[in-house]
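Peer 1: Handing you this structure, nothing more for now.
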Amino acid sequence: MTIDLILQKKNGEAPPPLEPLIYDLGAPGRIGVNLPDPDVPEAELPADLLRATLDLPEVSEMDVVRHFVRLSHLNYSIDTGFYPLGSCTMKYNPKLNEDMARLPGFAEIHPLQDPASVQGALAMMYTLQSWLAEISGMQAVSLQPAAGAQGEFAGILMIRAYHLANGEAHRTKIIVPDSAHGTNPATTAMAGLEVVEIPSDANGDVDLDKLREVCGEDVAGMMITVPNTLGVFEAHIKEIVDIIHGCGGLMYMDGANMNAMMGVAKPADLGFDVMHYNLHKTFSTPHGGGGPGSGPVAVNEKLADFLPGPIVTIIDEGSDEEPPLYGLTMPDKSIGRLKAFYGNFGMLVRAFAYIAVYGGAGLHAVTKHAVLNANYIRARLKGVYPMPFDRICGHEFVCEGHWPDAEGIHALDISKRLMDYDFHPPTNYFPLIVPEALLIEPTETESKEACDAFVEAMLAIAQEARENPDLLHDAPHKTPVGRVDDVRAAKQLVLCCRPVLDPEA
Amino acid sequence: MSYIPHTDADREAMLKVIGVESMDELFDRVAAEVRFPALDLPPGLSEMEVIAEMNGLAQANASANEYAIFLGAGAYRHFVPSIINHILLRGEFYTAYTPYQPELSQGTLQAIFEYQSMMCMLTGMEAANASHYDGATALAEAVTMAKAHFRDKRTKVIFSPGVHPQYRAVARTYHQGSGMNFVGDEGSASVADLAEQLDAQTALFVVQYPNFFGQIDDLTGLAERVHAAGALLCVVADPIALGLFKTPGALGADIVVGEGQPLGIPLSYGGPYLGFFATREQYVRKIAGRIVGETVDTHGRRAFVMTLRPREQDIRREKATSNICTNQGLMALAACVYLSVMGKRGLRQVAELCYHKAHYAAEQINRLDGYSVDMSKPFFKEFVVTCPRPVAEVNEILLEDYGIIGGYDLAQDYPDRPNQMLVAVTEMNPREEIDTLVEALAGAATHDHSHHHHHEPDAGLG
């Protein structure tokens, strides 16, 4: 604690904010940007339609730069440290990709231009579609979904549309394991279908007997993650797929964990009918502090006509002298458009650059090293952190953040204490079926030294948990703010920095 | 490999700790018959080669960097101050994860809080969320919110045909299984006529401001009529227009959504953009997506945190208000920096520049033989031009002979509007460009149209 903080506590004052709000900076009349005067005759403004006031900051450009740079210093990021967040694949975001997305030929083209005038962009998208089809073994791809959850939504809407087209409107149930990401049940509900949750068995695999019990002619499909959210390649994928197909349902693969799958197995070969990718996980496009992401969907021949669109197709094959002509096409029975235009194009450019750097063998090496890192950390933590499933894992693994001999210590305390060691915590309290879960995913871009440093911190914390548990309870100590009061945030809602002035006042 | 740091010695040591002989052994649980398929992709390239390849692809596009552009229709080329890209390229922002751990994310959280605040000021609403994928999905989620608000007892949504056609399409995609139905946009009814369709089944009434054709519909008294029927009013707004015109809040809107791309985000062939969503505080618990709120930390220091979390999918699962997880966080930061640096006066100035230039262009074009501009209602930065020949033909001549990317062909979405072009003019179009457009349109009226060559790409990866 700093001296002034101690003094303020003594005097009962709240410590000053870390950084003023932008609204509290600047001065009336100050401007941050120089705009030209009109170079055309001024038209008369319709006085009765105009707003009277506009409450925005009045700051200089440097005020703004310093404000946001200071704010940036309050963040943890991949560029500043290790992010072992299970199911999030926080790998290094190559700088090359940022430059490519900002090339004027990509960044300064309008989505409604004549396709003939943006053939480079369409060629890039067409190629990416074919690459994602190859990696998954699927037949067709739509790049339109803006994030993984929207890719899931596309997939479930396609499954629904497929059954409707076959005259099977009674298929309304989607089976979801209890280990699933929350987006799976939420997506199902949004599509107007019913969620049937089934339990995992003692090994963390889908309980096949329970699965058979719920299978019937009302089943539309099943969503599962491969490897599953415990980081394990499900032992009975083939049986699961056969059970679902046997009762007329379709199989959806949540592609959040594709970083464990590239060149290991193609989802289509495993029997899946539809899946989504998270380009912001597997293919290194940055998370951006919460987005934008990109969630392309890949499907086999059963669902190709139902893809959300438009997608990029070849309109004219071309010849040796003439390149092919690419165009935008709506698939015949498309579920429709999921967003305006064609997807988060800037993310597609980045993912394209990433795949181009690696090639097929390189992507397989990505997966192998991601799995190597996860297993290495797992092996080193074994015996210190309880592990519900003691076996080789995929690109992530789950351990438990509590001990019988360290009562009162929870996964949350371990997570917060890790911050003092300058690590981002693992995903905690997910998957829901493991008590006090810590889901750890190092990704392939972390070196052995980085993995070792993380392990040392985890081991030190395990010792502190017994010897000085308050260190954990009160953690973090070294972050810009201490634990925050989220109950107060929800009870005394402050969502806007000052009352909105009645603009007509 | 560029981004894999392991040496042979590392691999050997790590495998030994794990207790396996090879990396392949780590995949024994995968069935042998599907294991290790070859990936038929081009061989990996060096960074230099990737740059050359992608430069080729980028150069095969006619970009607004080289061509004058008068195309809008939901995506606009506005001025993007240099500062924005510099802030977005700070690794602490763009390589950060979603701010679930507030102690490590105060930078992102405060920026989003400031963004929410600015969107409230701009729209005249009391609460805004941290973003949607784009304007169209923000509208689809507004429909979801209305559905939840009325607990599925009201299922009708009235769309003005002046709402962006793709936004209406996306709302329909989202709600194909939800039981909501959409009416009003089959013909060309005015907002006042549409209000006749309000009834006890109506959940939401949606208008766009300015509408898709660039015009400001007269919304006086609309909110009262919508509320009298017990329904909610959603306004799809252009955020630059809100720098000049009355707020939807002042017009009585309950929900304001829209596309935030004009706020410092490049065209980027349609994404990533920024869906904004703002509403009145009474509806805040029904909002989809992330919301940041102010609170304090253990020392009593002001801090920010994602709040009202029990609406979200990771906690509420099938009962969540939406499945949205990843949003457009970095784009919200772009808008926040944009609105900060533009400020109170700058945004108004940008809006006025658009207004003056669009009116200048409209008047000049309206004087041309064979062309007419619909100036029957007030308009902002876009207007409808009736051309003497199909818009596709006009645009081809504009591009090939004048280096101009022309306006949007309305016949694509409105069969009753053949030969009508939606022209957008922003502060980025200098007077000379507008004059060239006018000249080009005059030329296109009489141009002997023989089929032009397609713009050919120079390069393409296989």
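All of the numbers you see were taken from the coordinates with simple rules; none came from a lab. Computed from a prediction, not measured in an experiment: that's the story for all the values here. Glycine also receives a Cβ, built like all others from the backbone with ideal geometry; neighbour counts cover every protein chain displayed.
Peer 1: Could you work out, residue by residue across A:271-281, how many beta carbons of other chains sit within 10 Å of that residue's beta carbon, and then give the average as an integer? All intermediate terms of the calculation are to be shown ahead of the outcome.
Peer 2: On the way: counts 1, 0, 0, 0, 0, 0, 0, 1, 0, 1, 1.
Mean shielding count: 0.
Peer 1: I would also like to ask the following. Taking a ≥ b ≥ c as the square roots of the eigenvalues of the Cα gyration tensor of the stretch B:160-318, is the shape rounded (a/c under 1.5), prolate (a/b larger than b/c) or oblate?
Peer 2: Details: a/c = 1.67, a/b = 1.50, b/c = 1.12.
Verdict is prolate for the stretch B:160-318.
Peer 1: Next question, about the same structure. Give me the percent of DSSP beta bridges within chain B that run antiparallel, rounded to the nearest 5.
Peer 2: Numbers: 23 of 41 bridges.
Within chain B, antiparallel bridges account for around 55 percent of the total.
Peer 1: May I ask for the Kirkwood hydrodynamic radius of the stretch A:366-505, worked out over all distinct Cα pairs and given in angstroms to one decimal? Present the calculation step by step, with values, prior to reporting the outcome.
Peer 2: On the way: mean 1/r = 0.0596 Å⁻¹.
Roughly 16.8 Å, rounded to one decimal.
Peer 1: What are the residues whose amide H is under 5 Å from the amide H of A:V196, where those residues sit 5 or more places off or on another chain and H is modelled from the backbone?
Peer 2: Placed amide hydrogens put A:I174, A:I175, A:V176 under 5 Å from A:V196.
Peer 1: Okay, moving on. Based only on other Cβ atoms within 10 Å, what is the fewest-to-most ordering of A:F423, B:F36? The partial results should precede the final answer.
Peer 2: Values: A:F423 22, B:F36 13.
Listed from fewest to most nearby Cβ atoms, that is B:F36, A:F423.
Peer 1: When A:W131, A:W403 are ordered from fewest to most other Cβ atoms inside 10 Å of their Cβ, what list results?
Peer 2: Values: A:W131 24, A:W403 15.
Ranked by crowding around the Cβ, least crowded first: A:W403, A:W131.
Peer 1: Sticking with this one: For the peptides A:206-213, B:212-219, what is the packing order when you average, over each peptide's residues, the other Cβ atoms within 10 Å and list the highest mean first? Before the final figure, lay out each step's value.
Peer 2: On the way: A:206-213: 15.8, B:212-219: 20.2.
Order by mean packing, descending: B:212-219, A:206-213.
Peer 1: Moving on to the next point. Of the peptides A:456-462, B:70-76, A:353-359, A:32-38, how do they stack up when ordered by the mean number of other Cβ atoms within 10 Å, highest first?
Peer 2: Numbers: A:456-462: 17.4, B:70-76: 26.7, A:353-359: 24.6, A:32-38: 14.7.
In decreasing order of mean packing, A:456-462, B:70-76, A:353-359, A:32-38 become B:70-76, A:353-359, A:456-462, A:32-38.
Peer 1: A further question follows. Please list, in order along the stretch A:197-210, the HN-Hα scalar couplings obtained from phi with the Karplus expression 6.51 cos²θ - 1.76 cosθ + 1.60 (θ = phi - 60°), rounded to whole Hz, x for Gly and Pro.
Peer 2: 8, 10, x, 8, 7, 4, 8, x, 8, 4, 6, 5, 5, 5
Peer 1: Is chain A best put as rounded, prolate or oblate by its Cα gyration tensor, with a ≥ b ≥ c the root eigenvalues, rounded for a/c under 1.5, and otherwise prolate when a/b is larger than b/c, oblate when not? Write out the running numbers ahead of the final one.
Peer 2: Values: a/c = 1.68, a/b = 1.06, b/c = 1.60.
Since a/c reaches 1.5 but b/c is at least a/b, the shape of chain A is classed as oblate.
Peer 1: Is there a pair in A:K281/A:K339; A:K173/B:K153; A:K302/A:K339; A:K238/A:K382 whose C-alpha atoms are over 27 Å apart, and which pairs would that be? Kindly include the intermediate steps, with their values, before the conclusion.
Peer 2: On the way: A:K281/A:K339 21 Å; A:K173/B:K153 23 Å; A:K302/A:K339 23 Å; A:K238/A:K382 30 Å.
From the list (A:K281/A:K339; A:K173/B:K153; A:K302/A:K339; A:K238/A:K382), the Cα-Cα distance tops 27 Å for A:K238/A:K382.
Peer 1: Quick one: net charge of B:H359's neighbours, Cβ under 9 Å, K/R +1, D/E -1? Kindly include the intermediate steps, with their values, before the conclusion.
Peer 2: On the way: positive: B:K357; negative: A:E42, A:E44, B:E363.
Summing Lys and Arg as +1 and Asp and Glu as -1 gives -2.
Peer 1: Further, regarding this structure: Run lengths n ≥ 4 of DSSP H only: what is the helix-derived mean residue ellipticity at 222 nm for the protein assembly as shown, with -39500 (n - 2.57) per run over all residues, to the nearest 500?
Peer 2: Rounded to the nearest 500, the figure is -10500 deg cm²/dmol.
Peer 1: Of the peptides B:148-159, A:78-89, B:17-28, how do they stack up when ordered by the mean number of other Cβ atoms within 10 Å, highest first? Before the final figure, lay out the partial values.
Peer 2: Values: B:148-159: 18.3, A:78-89: 22.5, B:17-28: 15.5.
So the peptides B:148-159, A:78-89, B:17-28, ranked by packing, come out A:78-89, B:148-159, B:17-28.
Peer 1: Let me ask you something else. Once you average over the residues of B:328-338, how many Cβ atoms of partner chains fall within 10 Å of each Cβ?
Peer 2: Numbers: counts 8, 7, 7, 6, 5, 6, 1, 0, 5, 6, 2.
Counting Cβ atoms of other protein chains within 10 Å of each residue's Cβ and averaging gives 5.
Peer 1: Among bridges DSSP assigns within the stretch A:96-357, what percent are antiparallel (round to 5)?
Peer 2: Values: 12 of 28 bridges.
The answer is about 45 percent antiparallel.
Peer 1: Now for a separate question. Would you please give the FRET efficiency between A:N203 and A:V384, computed as 1/(1 + (r/R0)^6) with r the Cβ-Cβ distance and R0 = 25 Å, to the nearest 0.05? Before the final figure, lay out the partial values.
Peer 2: Working: r = 22 Å, r/R0 = 0.89.
It comes out at approximately 0.65.
Peer 1: Let me ask something else. I'd like to know how the stretch A:170-220 sits against the 2.2 N^0.38 Å rule of thumb: what's its Cα Rg over that expected value?
Peer 2: On the way: Rg = 11.1 Å, N = 51, 2.2 N^0.38 = 9.8 Å.
Output field value: 1.13.
Peer 1: Once amide H atoms are placed 1.01 Å from N in the peptide plane, what residues at a sequence separation of 5 or more from B:A73, or on another chain, have their amide H within under 5 Å of its amide H?
Peer 2: Amide H to amide H, under 5 Å and 5 or more residues apart or across chains, B:A73 pairs with nothing.
Peer 1: OK, next. Would you work out if the protein assembly as shown is rounded, prolate or oblate? Take a ≥ b ≥ c from the square roots of the eigenvalues of the alpha-carbon gyration tensor; rounded if a/c is under 1.5, else prolate when a/b is larger than b/c, oblate otherwise.
Peer 2: Working: a/c = 1.59, a/b = 1.32, b/c = 1.20.
Taking the square roots of the gyration eigenvalues as a ≥ b ≥ c, the protein assembly as shown is prolate.
Peer 1: For each of A:T127, B:T123, count neighbouring Cβ atoms within 10 Å of the residue's Cβ, then give the residues from fewest to most. Write out the running numbers ahead of the final one.
Peer 2: On the way: A:T127 21, B:T123 28.
So the ranking, lowest neighbour count to highest, is A:T127, B:T123.
Peer 1: Averaged over its residues, how many other protein chain Cβ atoms are within 10 Å of peptide A:136-147's Cβ atoms?
Peer 2: Details: counts 0, 3, 0, 0, 0, 0, 0, 1, 2, 1, 12, 9.
So the per-residue partner count for this stretch is 2.
Peer 1: Send over the semi-axes of the stretch A:96-357's equivalent ellipsoid, whole angstrom and largest first, taken as the square roots of 5 times the C-alpha gyration tensor eigenvalues.
Peer 2: Rounded to whole Å, the semi-axes are 33, 20, 16.
Peer 1: Treating cross-link reach as a plain straight distance, find the lysines whose alpha-carbon is under 22 Å from the alpha-carbon of B:K377, omitting any fewer than eight places away in the same chain.
Peer 2: Here the lysines satisfying the reach criterion relative to B:K377 are B:K246, B:K357.
Peer 1: Hey, if you put +1 on the Cβ of every Lys and Arg and -1 on every Asp and Glu Cβ in the protein assembly as shown, which of A:H395, A:Q113, B:P418 ends up farthest toward the positive end of that dipole?
Peer 2: It is A:H395, whose Cα lies furthest towards the positive end.
Peer 1: Distance from the Cα centre of the stretch A:269-327 to that of the stretch B:339-356, in angstrom?
Peer 2: After rounding, the separation between the Cα centres reads 38 Å.
Peer 1: Suppose every K and R has +1 on its Cβ and every D and E has -1 on its Cβ; what is the size of the dipole of chain B about the Cα centre, in Debye to the nearest 20?
Peer 2: In debye, rounded to 20, chain B gives about 2380.
Peer 1: Over chain B, what lengths in whole Å, largest first, do the semi-axes of the equivalent ellipsoid take, defined as the square roots of 5 times the eigenvalues of the alpha-carbon gyration tensor? It would help to have the intermediate numbers written out before the result.
Peer 2: Values: eigenvalues 328, 219, 102 Å².
Semi-axes, largest first: 40, 33, 23 Å.
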